[in-house]
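The values are calculated or read from the model by the stated rules, or taken from the named source; none is laboratory data. Quantities reported herein were computed from a predicted structural model and do not represent experimental measurements. Heads up, the Cβs are rebuilt from the backbone with ideal geometry, glycines too, and the neighbour counts pull from every protein chain shown. Side chains are part of the model used for accessible areas, which takes the heavy atoms of the whole protein and leaves out ligands, DNA and RNA. Shrake-Rupley method; radii C 1.70, N 1.55, O 1.52, S 1.80 Å.
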Amino acid sequence: MLSLYLRPMINPCFQGVKLASVLAVVAVFIWIVGDIFWQGLPKINADFLFGTPSNAGRDGGIRPVILSTIYILAIAILATLPFATLTGLFFSEKLFPLSPIFRPLQRFVDILAGVPSVVFGLFGNTYFCNYLGMGYSILSGGLTLACMILPLAAKILQNAFSSIPNEYVSGGEALGLSKFTIFSKIMIPSVLPQVTAIYIICIGRALAETAALLFTSGYVMRDPESLFDSGRTLSIHIYDLSMNITGGNANAYKTAFVLVIMLLLINYIAHITIRKWTRLSHGR
Amino acid sequence: MADNLFEIQDLCLCIGNKPIFSGINLNIPKNQTTAIIGPSGCGKSSFLSCLNLLITHISKYRLVGKICWNNNKINDNNDLDMHSFRRKVGTVFQQPMPFPTTIRKNLSIPLRQHFRLKRSEENDRIESVLKEVGLWEEIRHRIDHSANDLSGGQKQRLCLARALILNPDVMLMDEPCSALDPISTQTVEALIQKLKSKLTTVIVTHNLQQAKRLADHIVVFWFDVQSGGYIIESGSSEKLFSSPEEDITRSYLRGALG
Ligand SMILES: Nc1ncnc2c1ncn2[C@@H]1O[C@H](COP(=O)(O)OP(=O)(O)OP(=O)(O)O)[C@@H](O)[C@H]1O
Ligand SMILES: [Mg+2]
């Protein structure tokens, strides 16, 4: 009986809770972004973006930091995509049957996706920096990031490949298409939208990561002259300025502002590019 | 026997431990239309996928017996060039599923796999095959648009076109009209009629009227629980529809014909 009286209340209550949680999320977002904009935006100018840092980063610009970030990002993405694609294809069993011996390997990929980034940093330091002799360098940092992103990217691509209808593959086989043609002309175009997701994850990780990169790409603030130079990313710069350098807060905020803008910009560019590719291969 | 395209001897198929069909003996004559009819689940689709060897992609299949194509054994034959074999055996599935790309690429991807053509030749081939399936006028202005925006009937005709563009010797069609409305069905049927003169067709259908209209030969599959599917009767279309030998066939035809 009671529930009968309460029932008309449930919907408005639910609506209220829903609205409140949406507002809470929006408020947090506005607070963070607003704070960064408020503190960072008025002081940003070309000298800051294109200048070199001085006085341990308290003064001057952040050009070397931006450059290092872009390089590390590019290496991470370029190294991740081919491996993630092949791993995803392998586990999706769309083109090649997977021998049961290999199935448990999927677990490893899942576990790897949950390993904290410090562990990857340690691994990168041991393997890329020391064992392969790359030292503290942009290359080591990018490759370490790639290792970090790889499990998740492979998982996303595996799901994307698995969701391709079997009819596309058997239709291709029935036309006598080679596996490579089926893969490159039919399967790859179908997973392009998920590649966007991977880009965005890579970018997010690469821009946000500090722990793994401290061990591998180091925190030198000079313009990188080659991929074997050490270089710090924006996040490390922010971390360093706000934690280790007294009086670095102003520049930390400005850098954070640049970081947020860069994040939005790269997301947007990735989005546009992928949409263009998709349109080219899927038709308008 | 040069006038049989396929000769099938004592063919049995099991998937896992389950017998799908057994004891199939059948000749499929060249340049004629053979219709396969029978109740659901008796293995008609599985039989078709033995003819184009797509069955080899299923795990745990076991195929015993002999399938000859132009007098060459094709099952368990490592010397068979699968790609050129499949070029000559066109397949149309029940669900029209063009590749998720443009209409043009649906045709040019298979074409480029098997032939080296100049751009202009390629475009001519695409145009002529689209004319053949009666799509050209409808889609010429959006040939570079997505094939997913086509209607069901148009998609099925595109699937026919992408098989036809490879100049196959035989078309295997698994209920090609079952996802289509009556008007599209008519268009596709008319197309099959037109193709009859120049290629062999094997068509699985649940529509007995359609089988009657299209086929020269009818093969009736039946099903029993122990051994799976088998052929209960086969013969020329007139004979089978007018005076079937088996009681089961008679009642099946009567029941389904109403
Ligand atoms: N990949 C598979 N794995 C296991 N069993 C299968 C597989 N494909 C088909 N079968 C079984 O084979 C039998 C015949 O299936 P098939 O699709 O060939 O029947 P069909 O005559 O085409 O039926 P319909 O007229 O409904 O299309 C069915 O019992 C089905 O369960
Ligand atoms: Mg079937």
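Where Rh is the Kirkwood radius over the Cα pairs of chain B, the temperature 10 °C and the viscosity 1.306 mPa s, what D in µm²/s does Stokes-Einstein return?
Details: Rh = 19.1 Å.
Answer, rounded: 83 µm²/s.
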Under a cut-off of 17 Å between alpha-carbon atoms, report the aspartates and glutamates in cross-link reach of B:LYS118, not counting same-chain residues fewer than 8 places apart.
-> B:GLU127
Among the Cα-Cα pairs of region A:1-50, the proportion with separation greater than 15 Å, in percent, is 67
Would you pull out the residues with amide H under 5 Å of B:LEU5's amide H, same chain only if 5 or more places away, H placed 1.01 Å from N?
-> B:ILE28, B:LYS30
Determine the shielding of peptide A:163-174 by partner chains: average, over its residues, the number of Cβ atoms on other chains within 10 angstrom of each Cβ.
-> 6
Roughly how crowded by other chains is peptide B:93-99, in terms of the mean Cβ count from those chains within 10 Å of each of its Cβ atoms?
-> 5
Leaving out same-chain residues fewer than 8 places away, which lysines sit with a Cα under 23 Å from that of A:LYS254?
-> A:LYS43
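Under a point-charge model restricted to the Cβ atoms of Lys and Arg (+1) and Asp and Glu (-1), what is the dipole moment magnitude of chain A relative to its Cα centre, in debye to the nearest 20?
Details: 19 positive and 12 negative charges, 146 e Å.
Result for chain A is approximately 700 debye, rounded to the nearest 20.
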Ignoring ligands and nucleic acids, A:ILE10 exposes an accessible area, probe 1.4 Å, in Å² to the nearest 10, of 100
Mind putting a number on the dipole of the protein assembly as shown about its Cα centre? Charges go on the C-beta only, +1 for Lys and Arg and -1 for Asp and Glu, and I need it in Debye to the nearest 20.
-> 620
If you project the alpha carbons of the protein assembly as shown onto their three principal axes, what span does each projection cover, largest first, in Å?
-> 101, 72, 50
How much accessible surface does A:SER184 have with a 1.4 Å probe, in Å² rounded to 10?
-> 40
Exposure of A:MET9 as accessible area (Å², to 10), given a probe of 1.4 Å and all protein chains = 110
Scattering profile of region A:46-281 from the Debye formula, Cα beads only, expressed as log10 I(q)/I(0) at q = 0.10, 0.14 Å⁻¹, is -0.54, -0.91
Which of A:CYS147, A:PHE257, A:PRO165, positive extreme of dipole for region A:46-281 (C-beta unit charges) = A:PRO165
Out of A:PRO193, A:PRO42, B:CYS14 - ranked by how far each Cα lies towards the positive end of the dipole of the protein assembly as shown, with unit charges on the beta-carbon of charged residues - the top one is A:PRO42
Taking θ as phi - 60°, what are the ³J(HN,Hα) couplings along region B:72-88 by the Karplus curve (6.51, -1.76, 1.60), each to the nearest whole Hz, with x for Gly and Pro?
-> 10, 5, 10, 7, 6, 10, 6, 7, 5, 7, 4, 5, 6, 4, 5, 5, 7
Applying the Karplus parametrisation 6.51 cos²θ - 1.76 cosθ + 1.60 with θ = phi - 60° to the phi angles of region B:128-133, what ³J(HN,Hα) value in whole Hz is obtained for each residue in order, glycine and proline being reported as x?
-> 5, 6, 5, 5, 4, 8
Putting +1 on Lys and Arg Cβ atoms and -1 on Asp and Glu Cβ atoms, find which of B:GLN32, B:LEU5, B:GLY65 reaches farthest to the positive end of the dipole of region B:1-67.
-> B:GLY65
Taking the alpha-carbon centre of each part, the distance from region A:53-95 to region A:174-194 in Å is 27
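Set the Förster radius R0 to 51 Å, insert the Cβ-Cβ distance between A:ALA211 and B:THR56 as r into 1/(1 + (r/R0)^6), and round the FRET efficiency to 0.05.
Working: r = 49 Å, r/R0 = 0.97.
In this case the efficiency is close to 0.55.
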Once amide H atoms are placed 1.01 Å from N in the peptide plane, what residues at a sequence separation of 5 or more from B:THR102, or on another chain, have their amide H within under 5 Å of its amide H?
-> A:GLY283, B:ALA147
Let me know the charge dipole size of region A:147-267 about its Cα centre in debye, to the nearest 20, where only the beta-carbon of Lys, Arg (+1) and Asp, Glu (-1) is charged.
-> 120
Measuring from centroid to centroid over Cα atoms, what is the spacing of region B:79-141 and region A:138-161 in Å?
-> 37
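Helix-only estimate, please: 222 nm mean residue ellipticity of the protein assembly as shown, summing -39500 (n - 2.57) across DSSP H runs of length 4 or more and dividing by its residues, to the nearest 500.
Numbers: 21 runs with 294 residues, N = 542.
When only DSSP H runs of four or more count, the value is -17500 deg cm²/dmol.
Using a 1.4 Å probe and counting only protein heavy atoms, arrange B:GLU175, B:GLU137, B:GLU246 so the residue with the most accessible area comes first. Don't jump to the answer; show the numbers that get you there.
Working: B:GLU175 25, B:GLU137 130, B:GLU246 75 Å².
Putting B:GLU175, B:GLU137, B:GLU246 in descending order of accessible area: B:GLU137, B:GLU246, B:GLU175.
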Which helices, taking whole DSSP H runs in chain A, have alpha carbons extending 24 angstrom or more along the helix axis plus mean Kyte-Doolittle at least 0.5?
-> A:2-40, A:63-92, A:138-162, A:188-208, A:249-282
For region A:221-266 and region B:168-185, write down the distance between their C-alpha centroids in whole Å.
-> 62
Heavy-atom accessible surface of the protein assembly as shown: percent carbon and sulfur, 1.4 Å | 60
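Using the structure shown, select from A:LYS18/A:LYS276; A:LYS185/B:LYS73; A:LYS94/B:LYS60; A:LYS276/B:LYS88; A:LYS155/B:LYS60; B:LYS73/B:LYS155 the pairs with a Cα to Cα distance greater than 24 angstrom.
On the way: A:LYS18/A:LYS276 36 Å; A:LYS185/B:LYS73 32 Å; A:LYS94/B:LYS60 16 Å; A:LYS276/B:LYS88 36 Å; A:LYS155/B:LYS60 27 Å; B:LYS73/B:LYS155 34 Å.
Exceeds cut-off: A:LYS18/A:LYS276; A:LYS185/B:LYS73; A:LYS276/B:LYS88; A:LYS155/B:LYS60; B:LYS73/B:LYS155.
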Per residue, accessible area of region A:46-281 with a 1.4 Å probe, heavy atoms of protein chains only, in Å², comes to 46
